[in-house]
Every structure is written in structure tokens, then in C-alpha cells.
Amino acid sequence: MDSQTLHWEHPNIKGPELLQLLRTEVPQALGGVVPVTATVLTLGLYVKGIPETDWMELAEKISHVHPSRVLIINPITGAPEDTATHVDAQISATVTYRRPGEPPTLFSECVQMNLGGGLANHWIDLVQSLIKSDLPAYLLWLGAPPLPGFRWDLLSTGFTHLVIDSEQAGLGPWKSAILAGKPQGMMVDDLYWQRLGLWRAHWATLTDYPEGLLTITNPEKIVIAWPGPRPWGWRLLLGWLIDRLNWSVSDLEPTHVSLIDDYGQTIPVEIREADEPSFSFYHGDYVLSSQRANKQLQSRIVKSTEELYTMADPCNQADPVTDIVKLLNRGHDQLFDQALSALILNEHA
């Protein structure tokens, strides 16, 4: 089957004009033929304040795997207050031609919206009107988290999923947004949590060894070293362990955590700052240590001074397209909810 990507640019238009263009431009380009739509979801990308990026290229790569309507939301602030409300829009549509006599298939649409004037701050109604009804709708928020009071109740009537990247802004600024959005029915996922999946899979493999199972599931002490500017990684991983192993938190400070295991025993957790992240679990003479170094996640199980096992897994480099496609493949990860609830959402602000 042959395919073609069509492109249009529409500077300085109004919101209703954009909606009308999305309804009519492709049929007009096809000589009046209405294509069969193969879209399976709507993906919003909120990119305010992000350094210059070819968002249309990124959107087209994602929609090549997941046929979708991609809405790139870029509010332009800092203009004079009397700037007229308008949209500078770029639109692309990928069409595949089937057998002669059959209508073509519209696989994906990508719409970049640079929003000026009042739309820079009040864009929800416009975006809602562009979301495909009766299909999943993900909003990937790549910019700074919204301020308290943001209208999650309005946004959640269109978007079913909120996707963040806490490696960039941390989970602290997102905490109030998550607490506000979840009651509205929005499912929340985190690209950073997805990247941390290597640690969880790595530890799961280590528990195949009896010494690894003993040390990870029944530690007498845990020592965590983590880069100071990004402490949320260890908190998410520790929250996952707390939930999976049915531990509870009795004390939480920046440099230490006290946990209680199933038997009522205290597990002290020391937190240290380091250039590279690591976890070390102690049980009697056994030590299981895992550290990210040289683009690998490396682990050792030692008894006294004897090295029993070593293991290394390559660390995948962060790539926005791969991250987003993997998340869309999997859908909502309930383990993220559980890790958040175990350690982060219940912390005092």
C-alpha cells in the first residue's frame, strides 16, 4: 500500500477555524473522498517552555506506531496583554491508499498549535473540542507542572490519562496535581517510573538466587546512594519495595527512613548523596549491592568477603519516542499508583 503525508500551515486563525480545517482539509486534498479513519487514540503533548524541538517530527514517529491524532499544545506567553487570541497551526495527515475503488485510510493527524493571546492561558476548551471521542486520550505534560488551582476537573472530561516525566521536574511539584487529577478519574503515569523498570526487573532476577531472595526481601539494613538533584528515583523504587513486601513507614527524613516489616522488625534505611545511584541490602553476612555505572546496572551478592554472584544489564538511553511508544503499548501501570501511595502521596508537604 502506498502512503502519503500531507502538510498545511495556517497562521493566525481562530479555534473554530482549526476544528473546521481538521474536518475538511483531508477530504478536499483527496478530491472530495472521505477517508476511512484508523485512529486509535488522541495524544496531547504539552510543550510550553521546552527548548526548540521538531515536535511535528516526533509526533509523526509516534503516530507511525500508534495511529493517532497528536495535539501539540504550545502556549506562547510574554506577549502584550492586548494580543489578539489566535492559533498558529501546522497540520499533517498520513493517508494510505488501498485497492482501487476503496477509500483511502487516514492513519494519523499531527496538529501543532502555538497559542497566542487569551488562548495561552485558557486553552482547555479548544483542545477538548479536538479530542477524538470514545477513544483513549493521553496528555503528556512535558513542560513545568501547572500551578495550584489548575482546572483538572475540566481537563479530565476529555483526557483519560496524564503522563508526566518526574526525572525532569521531580514529583514534588506534581504531587498536588496528581492528588487533584486522580479523583477526577484521570490515570497518571510517569516516564521516569518506566525507565526505572530496569531496576525492578534486575532485582526480580536476583531473587532467583536464594541469597538474593533472602537479602532483598528480609534486609536488616538498606543503604541508598542517589544523585541529590533527582531524589525521586530512590523514593519510587523504595515505595515499590514497601508495597510489594508489605512493609510500612514509621519515620521519613531526608537522610533516613525507618521501615517496619511483616514481623514488626525495624529496617533502617540510610540515604546518601552520590554521583551514581545505588542500593545495598544487608542481611547477616550477606550484602547485595546494585549500582548504575558505565551505562550498566551492575549487582554483586557477597557473603563476608566471598563474591557469590555478579550480574549486569545494559541501561537503555532515554529516548522520547521509545519512552512514549512503550507507555502506549503497555497502558496504565498500577504499580506506579502503588509505589506513589506507599511512600510519596502520604508524605506531609
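The values are calculated or read from the model by the stated rules, or taken from the named source; none is laboratory data. The structure presented is a predicted model; accordingly, all values stated were derived computationally and were not measured. Cβ sites come from the backbone with ideal geometry, for glycine too, and all protein chains shown count toward neighbours.
Just wondering, is there one or more residues in the stretch 132-141 that are farther than 23 Å from ALA89 by Cα, within 12 Å of the chain's Cα centre (by Cα) and not aromatic (Phe, Trp, Tyr)? No: zero hits. With respect to the conditions (1) exposed (fewer than 14 other Cβ atoms within 10 Å of the Cβ); (2) touching a Leu at 6+ places or on another chain (Cβ under 9 Å), GLU9 lacks only one, and its number is (2).
The residue of the stretch 262-277 that is surrounded by the fewest Cβ atoms within 10 Å (Cβ to Cβ), among those that are under 20 Å from LEU213 (Cβ atoms) and modelled with pLDDT of 95 or more, is GLN265. Residues that are under 20 Å from ASP337 (Cβ atoms) and modelled with pLDDT of 85 or more within the stretch 154-173 comprise LEU155, SER156, PHE159, THR160, HIS161, LEU162, VAL163, ILE164, ASP165, SER166, GLU167, listed in sequence order. Inspection of the stretch 259-273 identifies no residue that is among the polar types (S, T, N, Q) and either closer than 30 Å to ALA137 by Cα or touching a helix residue (DSSP H, G or I) at 6+ places or on another chain (Cβ under 6 Å) (or both).
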